[in-house]
Structure formats: structure tokens, C-alpha cells
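**Student:** Take a look at this one; I'll ask things after.
The values are calculated or read from the model by the stated rules, or taken from the named source; none is laboratory data. Here the structure is a predicted model, which means the values were calculated and not measured. So basically every Cβ, Gly included, is an ideal-geometry build from the backbone, and we count neighbours across all protein chains shown. Surface accessibility is based on the protein's heavy atoms, side chains included, excluding ligands, DNA and RNA. Shrake-Rupley method; radii C 1.70, N 1.55, O 1.52, S 1.80 Å.
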Amino acid sequence: MLSEILNKKPLKAADDKVYEWLRAQIDPVILDIKKPFKYAFTYINRKMDRSLSVEQIYENVDCPVDDEGNRLTIQVRNLSKIFGKFPETAIPLLEKGMTKDEILKTTGMTVGLYGVDFDVREGEIFVLMGLSGSGKSTLERCLNRLHEPTTGEVNIEGLNLTKLSNQNLRAIRRKKMSMVFQNFGLLPHRNVLNNVAYGLEVQGIPESERLEAAQKAIDMVGLSGYEKSKPSSLSGGMKQRVGLARGLANDPGILFMDEAFSALDPLIRSDMQDELLKIQAKLSKTIVFVTHDLDEALKIGDRIALMNDGKVVQIGTAEDILQRPADDYVSRFVEDVDRSKVLTAGVFMKRPRELVKSNQGPRTVLKLMEGSNWNVAFAVDKAGKFQGIVETDDALRAVRDNLPLASIIDGDVPTVGIDTPMSEVIQHLVTTHYSIPVLDDENYLVGVVRPSSAVDVMNVGGNNNE
Amino acid sequence: MSEVGVWAERGVDFVSDNLDWFLTGLDNLLDWALSGLGGFLSGLPPALFIMMAFVVSLLITKRAMLSVLVGFAFYIIYWMGYWPSAMITLNMTLIATLLAVLIGIPLGIAAAKSDRINPYIKVVLDFMQTMPAFVYLIPAVVFFGLGLVPGVIATVIFALPPAARFTNLGIRQVAEEMDEVAESFGSNASQKLTMVQLPIAMPTIMGGVNQTIMLSLSMVVIAALIGGGGLGEDIVRSLSRVDVGMGVEAGLAIVLIAMILDRLTQSAKSED
Ligand SMILES: Nc1ncnc2c1ncn2[C@@H]1O[C@H](COP(=O)(O)OP(=O)(O)OP(=O)(O)O)[C@@H](O)[C@H]1O
Ligand SMILES: [Mg+2]
């Protein structure tokens, strides 16, 4: 009862005023008292961290490169993870061909992962997708050794993480990678700014410097003005922005995101996906993104790895997965995808080969087209903005009558955007005899949809009512 | 007497014969702390003390009205004429609580960190908590004689378990995702403990500290039986004289101190 009376508004307001005044008097003193403790704490931590610097750890290590010249930031080789008493003993059983269920029944151990191999290229968003329990989180956690792999290798920029001492592993975690969590993982006792600065504080970076970096990350995710808020006062979407900012603040090359947007409402979720893509366009991180949602995977993934029972069953682009499912599991997975959303020009477009520049001469263009057997070419200006199409007959005419190329470029042709549904694209395809150009918001030519894709759409969307 | 009692006596004899240096050191240390804080508390003019209580309460609770009531409660104790006794009781309670917390929280951390030693710590804590409080008075007297020091020692043993238990519980309750947050950013063990686990467990730990304080206060009263002094002594005296008025007054003073300490630690607990 007493506390009820004391909680009445006017009393409470007066309370707060008196408290704040006193606090202002005493805070400086408290800070002075805290200082030596803080120094001592930082000092002890420095002494505890006898790890090498990241530069020293990487001294004789080179990042592998694939045939196309992409740096392979993450290489996973024959990775297995068994949960249970004697993990190693399950490996021979798996090699003999026993399934996950059989091993669970006979030994009581759970196969989290078995024989996983893949590479992640620098700067790509690599999505791990699969049903619940398929091992996505386990795999992600093996990549930064939150789970100790049972067998196999994880190479980060060529460095085998599984062989690293704990101290050196900490150094790698501090500088090279960070993680965004499904339930945000915000520290409830810290405000937004100090949450974001956590990774930098762990590194022992001086306060002013780390708060500055944290502020930058907060601005980047659009949370300016909330620096002093406690996590409990934020909405889900804002909380995950904090999580994302914290992951970006120590400027790691690699970002691990485990169902990072799964706890959010659909609309907020879509916003966050857009936000991530926007940030990714700026920063080009290497991102390993776990989700069980195919729509999300198709939207944000450069490549997608589909997992089933601890194994990777298919790796490919969105189009690969939709058009050429490797097995029944994958085709069942892609079966109930919301096709109107997924079957867009962006998924089916190809890189345009038949490109000409609008400032080239008609003779050059004609030669190019005849040499490559193109009936139609797409003309772009110097910057890559779409101008129109050029047909061989017109090019011939231009050469004969000595006309400039610009006069024969047909700018009045159907074009589509990245998000245009394929149903609409197909309508254009049947009325023309050439591929349909796909333009982005600023009229840059980003791809073309070929007539052959119409057949693919039929295959993928065979049992689709829309 | 059965074997158990014989062994207990032998154990006590062994300690007092062989660990004399330790007991003397502990005695001196506690004596120093008790007379230090005791001298300060009883030397302070009541008016000044009440004002300080108000400010401290305001800082902890952030509530001006509640803090006025805290000051007023102390004034009632003064007005009833139990100021010197109350200061002795407060002195012992604070020192005993401080010791119990200084020992209990690290013990709780150890129990939370290691599944191997956790069961052993648990058994010891169960033993300490369920053994009737009076029993601790006997070895305390054997080792330290009569006075404040044995009272404080018995109190620490009796009041320590909640601090250790709640610390253990609080740290174990921290969500696994939080540990992963700490690990994934490369925190070392001490950073994980001090920057993530302890702060998140703090409300629970403060709940344990609150109980420790309450147990300390109740034990300090019992310690009057071995010359602990303070409000407990007033109550024991009123009992022997069958003096109802004195008993009620001293009892009321203890209740007031208990309420003050409880409110202060409670609000520290509920701080976000
Ligand atoms: N710490 C653990 N101890 C024992 N088994 C575990 C542990 N973590 C995961 N597993 C098991 O490993 C398998 C893969 O689990 P994992 O959490 O990686 O799946 P997931 O694909 O992330 O699923 P979800 O979509 O539900 O998050 C499951 O069978 C799970 O029961
Ligand atoms: Mg998972």
C-alpha cells in the first residue's frame, strides 16, 4: 500500500527531480572512485590476453582463390559434428552408411553435421537453408568454433581455425568475424551505444575511440537518436538493428547471421532484409545467413546451400535451386514457395552478352552482330544505362545509308524491372522475338530474360494456380 | 555422546590447537573492522547519521519520499532511546553481511562455473543453512571467547548460503545466447563473467544479498547470548526481567532496521 501511495504521479515526479539533482552532485565523485578499478581491470585483461595479433597469426597464410579469381573467405572441408559422449566413435558408423536416425537409436548420439564441404566467396551472401533440425545453426557455430567440430577443417582466409589455440581463436573472433543472433542477444544492462561498442571494448580499445566507431555503426543502421535507450524499450526491429550495428562496429570481414530476422513481423522483416542488402552494397561483407524461409533465402542470397539431416544436399543460386532441384527433398522444399513473389525477372535473368555501346559506329556494330550471330543487340550508353535495341536489318540499313547508330536504336521496346513477375515478362516474350531487358531503378541494364526462360518458368511453376 | 559428537569435539580441539595463528589473525582483523565501523557509527551525532541515511537511501532507491521514511524510522529508534544499541546491531550486521557477500559471491561463481565442484558446495551450503543457528555459537565461543567477534563469525556462517546460492542460480540462468554473444566477440573468461554474466545475474544476486542481510540481522540478535550486545542484549535483558515494554521497544527497533535494509536492497534489485 505504501508503495502505491509513493508511486502516485506528482510524488514520483518530485522524487525524480530530487534524485537527479543529487545524482549530478555525486556522479563525478563516483567516477573518480571507479577509475583506478577500471584501469586495473583493463590491465589485468591485457595480461590475460597473450594471443598473437591477427597480423602475426596470418603471417605465412594466403587466402585461397578460385578459378574465377574470387577470394575464398571461408572454406569448409569434410566437416562433421556429433553431439554426445564419444563423438569420434560415430564417424566410422557414418562412413559405413548409417543414417542419423540409426545412429541416434544405437548409440544415443546426435549427428549434427556430416561430411560438409563448401566455399564461401569474399563479399557474397551465402545462405544456409533447411528444415528445423537440419543442422544450420550447428554448421554456423562450427564456423567460429562456438561448437568444436568433431572432424574436418574450417579455413578462414586460408587459416585453419580448428587447429588454433583458444587465445589465437579469440584474436580471430575479435577482428575477423562477428555474429547476429535470432533473439538479438542484447545485453539488458547496457544502453544501445554500449551494446554496440561491446566487441570493441573486449578488444581493449579506448572508450572515446570505441564510442565513435559504435556511433558510426548506429548511424549506418538508422538508429541515430536511440544511443542512450535501454534495449528493453526498443521494438523487435530496432533491437535487431542494434544487433546488426554491434556486428558491424568492429568492422569484421565476416558476418554470421543465425535466423537474424526470424523473430520479426513479416513487414519489419522485409524492411530489415532491404536494410541488409543496402548495407551490403556499401560494405561488401562476407555473410553466412541462416534461415528456414525460402523466400528470404531467394531474396537475399547470392548462393544458397540446402541442408538436410546434417548434410548439404545442394548449393547454387536461387535459379539453380528453383529450376534444378538436386533431389526430392529440395523439390519439396521449393514446392510451396510463394511463386508470385519468387518467380521474378531478377531470378530468371541472364547476363546480357549482346551488348553494344550507343557511341559505337554502325559498321563496328554490324560486324560484331554478324560475327556473333546476333539478330538483336542491346544498346547502352557509356555509363551502362539502357538506350534501346538494335536489329541486324536496321544496322545493315544504317551502314548502307550512312546513318548514325543513334538513329536506328529502337528505344520504344518493352522493359521490365527486377521485381516484375515472370507472368508479365512472358506476356512480353510472346509479343516480341527477342529477349526482354531487365532494368534497375536507375535504368541500368542488369540482365535480360531469354525466351527459353519461359520454359523454365513452366517447369518450376507447373503446379501453381496463380 | 555418540561417535559424531566425539569427532566434532576432536575437530574443534584440533583447530584451536593447531590453527591458532589463523584464529588470532581473524580475531584481530574482525576486531579492527568492528571497532572501526562501530566507533564511526556511535561517534556520529544521530542527526548527522539520519541525514546520511537519507542521502544513501536516495542514491540507492532513487525515491525521495521513501528516503524520508528511512530517515524517520531511524529517528523513531533514537526517540525510543535505543540509539547506542541499534548502532552496535547495525555495525555487526553490516560487517557480517559484507563478509558473507565477499565469501558467498565468489563461492557462487565457482559453483556456477564448475559442474564438478557444484555438488560439494551445495552440500556444504545445505549443512550451513539447516544446522540450527545456535549450534554455531558453541565453536565460535571456543575459538574466540565472548564478545562481538564470535557473534559475527557465527552470523557469517549462518547468513552466507543465500548469497552463494543466488549467485550460482543467477549465473546459470543467463541465457545460452548471452554466453554465445560473449564468446563470438572474443571475450576471455573474465570479460565474459564481469561484462555479461554478473551484470545480467545482478537482480538475482541482489535478491540473495537481501536474504543474507535479513539472516544476518536475525542472527546478530541471537548472538547477544554470547555477548554480542546491541538490541539483542536489550531483548535478552527484557526477557530475564519480564519487561514487556522494553521487549516491545527493542523488538520494534529491530523490525525498523530490518525494514530499512530490506527496502534498500529490494530497490537495488529491481533497478533495471
Ligand atoms: N548442444 C546440442 N546438444 C545435442 N544435440 C544438439 C545440440 N545442438 C543441436 N543439436 C542437434 O543437432 C541437430 C541440428 O540442430 P541445429 O540446431 O543445428 O538445427 P537447425 O537447422 O538450426 O534447426 P532450427 O531451424 O530449429 O534452428 C538437431 O538434431 C539437434 O537436436
Ligand atoms: Mg537453428
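**Student:** Keeping all protein chains in position, work out how much accessible area A:Asp62 exposes to a 1.4 Å probe, and write it in Å² to the nearest 10.
**Tutor:** 130
**Student:** Obtain the nm distance between the two label points defined at B:Leu225 and A:Glu207 by a simple spin-label model: each point lies 7 Å from its Cα along the Cα-to-C-beta direction.
**Tutor:** 5.1
**Student:** When only C-alpha pairs under 8 Å and at least 6 residues apart count, what is the relative contact order of chain B, in percent? Intermediate results must be reported in sequence, preceding the final value.
**Tutor:** Working: 329 pairs, mean separation 61.9, N = 272.
Relative contact order, chain B: 23 percent.
**Student:** Let me ask another. What nm value, rounded to one decimal, do you get for the distance between A:Lys282 and B:Ala258 when each label is placed 7 Å out toward the C-beta?
**Tutor:** Calculated label separation equals 5.9 nm.
**Student:** Report in % the part of the accessible area of chain A that belongs to carbon and sulfur, leaving out ligands and nucleic acids; probe 1.4 Å. Don't jump to the answer; show the numbers that get you there.
**Tutor:** Details: 11790 of 23470 Å².
C and S fraction of accessible area: 50 percent.
**Student:** On the full set of protein chains, 1.4 Å probe, figure out the accessible area of A:Ser232 and give it in Å² to the nearest 10.
**Tutor:** Surface open to solvent at A:Ser232 totals about 100 Å².
**Student:** While we're looking at this one, here's another question. Residue by residue, what Karplus-based ³J(HN,Hα) values in Hz, rounded to whole numbers, does segment B:79-84 have, using 6.51, -1.76 and 1.60 with θ = phi - 60° and x for Gly and Pro?
**Tutor:** 5, 6, x, 10, 4, x
**Student:** Okay, next question. Straight-line reach from A:Lys239: which lysines have a Cα under 26 Å away, not including same-chain ones fewer than 8 places off?
**Tutor:** In chain and number order, the partners are A:Lys136, A:Lys175, A:Lys176, A:Lys216, A:Lys228, A:Lys230, A:Lys278, A:Lys282, A:Lys285, A:Lys299, B:Lys192, B:Lys269.
**Student:** Then there is this: What is the helix-to-structure angle for A:9-48, meaning the angle in degrees between its Cα long axis and the longest Cα principal axis of chain A, kept from 0 to 90 and rounded to the nearest 10?
**Tutor:** 80
**Student:** Would you kindly state the longest site-free stretch of chain A, with sites defined as trypsin sites (Lys or Arg not before Pro) in a DSSP loop (not H, G, I, E, B) surrounded by at most 11 other Cβ atoms within 10 Å?
**Tutor:** Result for the longest clean stretch: A:97-227.
**Student:** Here is a further query. For Cα pairs less than 8 Å apart in space and 6+ apart in sequence, what is the mean separation divided by the residue count of chain A, i.e. the relative contact order in percent?
**Tutor:** 13
**Student:** Okay, next question. I want the local charge near A:Thr392. Using Cβ-Cβ distances under 12 Å, sum +1 for each Lys or Arg and -1 for each Asp or Glu among the other residues.
**Tutor:** -3
**Student:** Still on this structure, I have one more. Hey, what's the protein assembly as shown come to in accessible area per residue, 1.4 Å probe, Å²?
**Tutor:** Details: 36380 Å² over 738 residues.
Heavy-atom accessible area per residue stands at 49 Å².
**Student:** Just to make sure I understand: if all protein chains stay in place, what is the order of B:Thr167, A:Thr151 by accessible area at 1.4 Å, largest first?
**Tutor:** Sorted descending by solvent-accessible area, the residues read A:Thr151, B:Thr167.
**Student:** Using a Cα distance threshold of under 18 Å, what count of lysine pairs results for segment A:346-456 when pairs must be 8 or more residues apart or interchain?
**Tutor:** 4
**Student:** Now for a separate question. Report the accessible area of A:Glu68, computed with a 1.4 Å probe over the heavy atoms of all protein chains in place, in Å² rounded to the nearest 10.
**Tutor:** 150
**Student:** How large is the Kirkwood hydrodynamic radius of segment A:346-456, in angstrom, based on all distinct alpha carbon pairs?
**Tutor:** 14.2
**Student:** Another question, if that's okay. Accessible area, 1.4 Å probe, largest first: how do B:Phe166, B:Phe127 sort?
**Tutor:** B:Phe127, B:Phe166
**Student:** While we're here: If you bin the C-alpha pair distances of segment A:359-413 every 5 Å from 0, what whole percents do you get?
**Tutor:** 4, 22, 35, 26, 12, 1
**Student:** Around A:Lys357, what is the net charge, scoring Lys/Arg as +1 and Asp/Glu as -1 over all other residues with Cβ under 10 Å from its Cβ?
**Tutor:** Numbers: positive: A:Lys382; negative: A:Asp381.
Net local charge, A:Lys357 excluded: 0.
**Student:** Now for a different question. Calculate the spin-label point distance for A:Thr392 paired with B:Ser42, positioning each point 7 Å from the Cα along the beta-carbon direction, and give it in nanometres.
**Tutor:** Each label point lies 7 Å from its Cα, and together they span 11.3 nm.
**Student:** Any residues in segment B:183-210 that have 40 Å² or more less accessible area with all protein chains than in their chain alone, probe 1.4 Å, and which are they?
**Tutor:** At a threshold of 40 Å² (probe 1.4 Å), the residues of segment B:183-210 that become less exposed are B:Glu183, B:Ser184, B:Phe185, B:Gly186, B:Asn188, B:Ser190, B:Gln191, B:Met195.
**Student:** At 0.36 nm per residue, and after removing the present C-alpha to C-alpha distance, how many nm does the segment from A:Lys163 to A:Lys230 gain when stretched out fully?
**Tutor:** 20.2 nm
**Student:** Continuing with this model, one more query. Pull up all non-local amide H partners of A:Ile409: gap of 5 or more, or a different chain, and H-to-H distance under 5 Å with H placed in the peptide plane.
**Tutor:** Excluding prolines and chain starts, which carry no amide H, there are no hits.
**Student:** For B:Met128, B:Met219, what's the largest-to-smallest order of accessible area, 1.4 Å probe?
**Tutor:** Correct descending sequence by accessible area is B:Met128, B:Met219.
**Student:** State the extension gain, in nm to one decimal, for the chain segment bounded by B:Leu146 and B:Val124, taking 0.36 nm per residue of separation less the distance between their alpha-carbons. Mind showing how you got there, number by number?
**Tutor:** On the way: separation 22, 0.36 × 22 = 7.92 nm, distance 2.61 nm.
Stretched out fully, the B:Leu146 to B:Val124 stretch lengthens by 5.3 nm.
**Student:** May I pose another question? Mind checking the full-extension length gain between A:Glu102 and A:Ile44? Use 0.36 nm per residue of separation minus the Cα-Cα distance, one decimal, nm.
**Tutor:** 15.9 nm
**Student:** For the interface of A with B, what's the total buried accessible surface in square angstrom, probe 1.4 angstrom, rounded to the nearest hundred?
**Tutor:** When A and B are taken together, about 3300 Å² of accessible area is lost.
**Student:** Here's another thing I want to ask about it. Averaged across orientations, what area in nm² does the convex hull of the alpha carbons in the protein assembly as shown project?
**Tutor:** Mean projected area of the Cα convex hull: 46.4 nm².
**Student:** A:Gly199: net charge of surrounding residues, Cβ under 11 Å, Lys/Arg +1, Asp/Glu -1, itself excluded? Don't skip to the answer; put the middle values down first.
**Tutor:** Values: positive: A:Arg173, A:Arg174, A:Lys175, A:Arg210, A:Arg246; negative: A:Glu201, A:Asp251.
The answer is +3.
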